[in-house]
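Each value in this text was obtained by applying a stated rule to the coordinates, not by laboratory testing. This structure is a prediction, so every number in the text was calculated from the model and none was measured. Here Cβ is always computed from backbone atoms with ideal geometry, including for glycine, and neighbour counts include all displayed protein chains.
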Amino acid sequence: EAQVTQNPRYLITVTGKKLTVTCSQNMNHEYMSWYRQDPGLGLRQIYYSMNVEVTDKGDVPEGYKVSRKEKRNFPLILESPSPNQTSLYFCASSRTGGEAAFFGQGTRLTVV
Amino acid sequence: QQQVKQSPQSLIVQKGGISIINCAYENTAFDYFPWYQQFPGKGPALLIAIRPDVSEKKEGRFTISFNKSAKQFSLHIMDSQPGDSATYFCAATHNYGQNFVFGPGTRLSVLP
């Protein structure tokens, strides 16, 4: 089954404690991206990757890091999480950047 | 220039009625315009998409109308059903793999 898998689905952490949210896709897609979803703001892109070792900033990259060492995985790293990063996060993948994205189920992150 | 505006913010329609959601964009480089449907607790799911070389695309009860000169596109849901109650997002992107930009969303409620 074609899918984008995120882990964990729920995470509560404390300010400043580094965390990683994993994302994996099994469709051999070149393009992967991360979004955060906040009430009234819709989805905002954090980072995207056009292929292995190629990443670029989206609209709201501050406080986040990503890496793309292999095609199927695109982890989101919060080096020092802050409460304003409490949000619902989605990973997505596409065959190319200009096509429809397949979304994961989301990771609800709470930073206290 | 990257922004996508969406209206209305919320919409209530009677069963069997037509739901219409409108979006507008500024960046003329956008060449792919998908619509997503999101149910509570789930990731967005692609509903229908259009490229600017056509003015209309229909899939079942869902139709996208596209006006390139006005830089506007809209989603029409014919014979709306209670199961269509969800949040709908328009989006825009282009084939360079750059930002996938979303509208803020429309919460649709279809009354039985």
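With N set to the number of residues, divide the alpha-carbon radius of gyration of the range B:23-68 by 2.2 N^0.38 Å and report two decimals.
Details: Rg = 11.9 Å, N = 46, 2.2 N^0.38 = 9.4 Å.
Expressed relative to 2.2 N^0.38 Å, the Cα Rg reads 1.26.
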In straight Cα distance, which aspartates and glutamates are under 15 Å from A:Lys65, not counting same-chain residues fewer than 8 positions off?
-> A:Glu53, A:Asp56, A:Glu79
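How do A:Val60, B:Val54 line up, fewest other C-beta atoms within 10 Å first?
On the way: A:Val60 18, B:Val54 10.
Placing the least packed residue first, the sequence is B:Val54, A:Val60.
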Beyond 22 Å between alpha-carbons counts as too far, so tell me which of B:Lys15/B:Lys71; A:Lys18/A:Lys69; B:Lys42/B:Lys68 fall in that bin.
-> B:Lys15/B:Lys71; B:Lys42/B:Lys68
Pick from B:Asp79, B:Asp53, B:Asp31: which is most flexible by mean-square fluctuation in a GNM of chain B where alpha carbon atoms under 10 Å apart are linked?
-> B:Asp53
Enumerate the residues in the range A:41-74 having an amide nitrogen under 13 Å from the point lying 7 Å beyond the Cα of B:Arg107 toward its Cβ.
-> A:41-42
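Rounded to the nearest 0.05, what FRET efficiency do A:Glu62 and B:Ser65 give with R0 = 25 Å and r taken as the Cβ-Cβ distance? Could you check?
For R0 = 25 Å, the calculated efficiency reads 0.10.
In debye to the nearest 20, how big a dipole does the protein assembly as shown give about its Cα centre with +1 on each Lys and Arg Cβ and -1 on each Asp and Glu Cβ? Don't jump to the answer; show the numbers that get you there.
On the way: 23 positive and 17 negative charges, 78 e Å.
The dipole magnitude comes to about 380 debye.
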Per residue of A:81-92, other chain Cβ atoms within 10 Å number on average 1
Vicinal HN-Hα couplings computed from phi for the range A:64-72 (Karplus, 6.51 cos²θ - 1.76 cosθ + 1.60; Hz; Gly/Pro x) | 10, 9, 9, 8, 9, 7, 9, 4, 7
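Counting alpha carbon pairs within less than 8 Å and at least 6 residues apart, what relative contact order, in whole percent, applies to chain B?
Working: 284 pairs, mean separation 41.3, N = 112.
Over chain B, the number comes to 37 percent.
Provide Rg over Rh for the protein assembly as shown; use the alpha carbon set for both Rg and the Kirkwood Rh (inverse mean inverse pair distance).
Numbers: Rg = 17.4 Å, Rh = 17.9 Å.
Over the Cα atoms of the protein assembly as shown, Rg/Rh equals 0.97.
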Charged-residue dipole, Cβ positions (Lys, Arg, Asp, Glu), the range B:14-81 about Cα centre, Debye nearest 20 = 160 debye
Put +1 on the Cβ of each Lys and Arg and -1 on the Cβ of each Asp and Glu in the range B:42-112; which of B:Ala70, B:Tyr88, B:Ser55 then has its Cα farthest toward the positive end of the dipole?
-> B:Ala70
Give the Rg (one decimal place) followed by the Dmax (whole number) of chain A, computed from C-alpha coordinates and expressed in Å.
-> 13.0, 37
Taking the Cα centre of the range A:21-87 as origin and charging only Cβ (+1 Lys, Arg; -1 Asp, Glu), how large is the dipole, in debye to the nearest 20?
-> 140 debye
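May I ask for the net charge around B:Ala24, where only other residues with Cβ less than 14 Å from the Cβ of B:Ala24 are counted and Lys, Arg are +1 while Asp, Glu are -1? Please report the intermediate quantities before stating the final value.
Numbers: positive: B:Lys5, B:Lys68, B:Lys71; negative: B:Glu26.
For residues surrounding B:Ala24, the net value is +2.
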Compare A:Lys18, A:Lys71, A:Lys57 in a GNM of chain A, Cα atoms joined below 10 Å, and give the one with the largest fluctuation.
-> A:Lys18
